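Reviewing the structure listed below.
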Amino acid sequence: LRMERELGRAVRNGEIEVHYQPQVRYSGIVSGAEALIRWRRPSGELLTPDAFIDLAEESTLISEIGLEVLRQACQTLKHWSSDPRTQALRLAVNISPVQLLDDSLVSSVSSIIREAGIDPTLLEFELTESALAAGTAMVIERMEALESTGVSWALDDFGTGYSSLATLRTLPVRKLKIDRHFLIEATRQESAQRLLGKIIEISQVMGLSALAEGVETPDQRELLIGLGCDHFQGYLFAQPMPRRELHAWLDMQP
Ligand code: G
Ligand code: G
Ligand code: MN
Ligand code: NA
């Protein structure tokens, strides 16, 4: 309960930080980054989302916190837009299924985008596949409303949730983020490798791009390139890091 009260104050006190993990195309070119929330406690301690996102979702604080992440992400896109080296970079922001239940979400998102003065097509929202378990019709309606503001959708942790292939065809989704467990298994087992290949094929047949999560080794990247995967994210390239460090990392790229 104490943590819940502190989390409630975190946004006002400027304790919400956003870290960024690069996303890389098969060509090696950086396509953008995923924004990942961190909570900087007054003690200086940095908390990762597993320590507080569940709490935020149970208490509906997630709406406020999610919008704060979006605000910071839009400031970053604004910053990037003034430099030719960064102006084409895209930014992915996680949207909690609980945020989708909030009637004011669409108007809040629209005003944040408008106030930031950014190109909304550079913004990608990620929804975890398990969000589709309940209230699908409403979820799809909200996703479409947000899509019409210019942002696009990616399905996060793909392959671990409940969405059927039939549902997938009806979703306004442009990208599948393949859950990293498929890659882990594929590195160990021939049959899992074929399964990963089929998942990538499904994305291609549906006209979607496929991003592999959790790419940690050059061998995994080569395997994925061979299977036709077009985007990667993982420790092989970089860990999530503060914006300033991301800029230093970008400067080091060939
Ligand atoms: O690096 P990492 O520990 O950041 O992320 C752990 C999990 O927390 C991921 O599954 C990610 O989807 C989730 N997460 C990270 N940032 C956000 C955010 O801003 N909002 C929501 N709802 N989830 C996030
Ligand atoms: O939203 P999502 O579940 O996709 O968030 C990505 C999560 O995966 C974050 O917690 C991030 O820190 C973590 N992550 C990113 N790259 C790697 C990786 O290469 N290996 C592992 N084990 N985790 C990763
Ligand atoms: Mn994500
Ligand atoms: Na994920």
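A few points about this structure:
- Of the helices (runs of 4 or more DSSP H) that lie entirely inside the stretch 158-254, those containing 2 or more residues that are on the phi < 0 side of the Ramachandran plot and touching a Leu at 6+ places or on another chain (Cβ under 8 Å) span 165-170, 180-188, 190-205, 218-226.
- Cβ pairs under 6 Å, 6+ apart, first in the stretch 163-177 and within 12 Å of residue 140 (Cα to Cα), second away from ligand 4 (no atom under 16 Å from the Cβ): 172/143; 172/144; 172/147
- The set of residues in the stretch 212-233 that are within 14 Å of residue 199 (Cβ to Cβ) and crowded, with 20+ Cβ neighbours inside 10 Å comprises 212, 213, 224, 229, 231.
- Enumeration of residues in the stretch 144-157 that are in a loop (DSSP other than H, G, I, E, B), more than 16 Å from ligand 1 (Cβ to nearest atom) and in contact (Cβ under 8 Å) with a residue 24 or more places away in the chain: 149, 150
- Taken over the stretch 112-131, the criterion of being touching a residue at least 60 places away in the same chain (Cβ under 8 Å) and away from ligand 4 (no atom under 16 Å from the Cβ) is satisfied by 122 alone.
- Verdict on residue 6 being of a type in the set (D, E, K, R) and at pLDDT below 95: yes
- From 14, 8, 28, residue being more than 16 Å from ligand 4 (Cβ to nearest atom) and either part of a helix (DSSP H, G or I) or within 27 Å of residue 143 (Cβ to Cβ) (or both): 8
- In the stretch 120-139, the residues that are of a type outside the set (Ser, Thr, Tyr), more than 16 Å from ligand 2 (Cβ to nearest atom) and surrounded by 15 or more Cβ atoms within 10 Å (Cβ to Cβ): 120, 122, 139
- Criterion applied to 41, 25 was being within 20 Å of the chain's Cα centre (by Cα) and basic (Lys, Arg), and the one residue passing it is 25.
- Of the helices (runs of 4 or more DSSP H) lying entirely inside the stretch 48-140, those containing at least 2 residues that are modelled with pLDDT of 95 or more are 53-58, 61-81, 105-116.
- Residue match in the stretch 154-171 (condition: modelled with pLDDT of 95 or more, under 22 Å from residue 90 (Cα atoms) and either surrounded by fewer than 18 Cβ atoms within 10 Å (Cβ to Cβ) or in contact with a Phe, Trp or Tyr (Cβ under 9 Å, 6 or more places away or on another chain) (or both)): yes
- Being modelled with pLDDT of 95 or more, of a type in the set (A, V, I, L, M) and in contact with a helix residue (DSSP H, G or I) (Cβ under 8 Å, 6 or more places away or on another chain) is not true of residue 184.
- Test: residue 192 is among the aliphatic types (A, V, I, L, M), surrounded by 15 or more Cβ atoms within 10 Å (Cβ to Cβ) and without any contact (Cβ under 8 Å) to a residue 12 or more places away in the chain: yes
- Just so you know, in the stretch 75-100 the residues that are among the hydrophobic types (A, V, I, L, M, F, W, C) and within 13 Å of ligand 1 (Cβ to nearest atom) include one that is surrounded by the fewest Cβ atoms within 10 Å (Cβ to Cβ), and it is 98.
The values are calculated or read from the model by the stated rules, or taken from the named source; none is laboratory data. Note that this is a predicted model, so its numbers are computed, not measured. Reconstructed Cβ throughout: ideal geometry from the backbone, glycine too, with neighbour counts over all protein chains shown.
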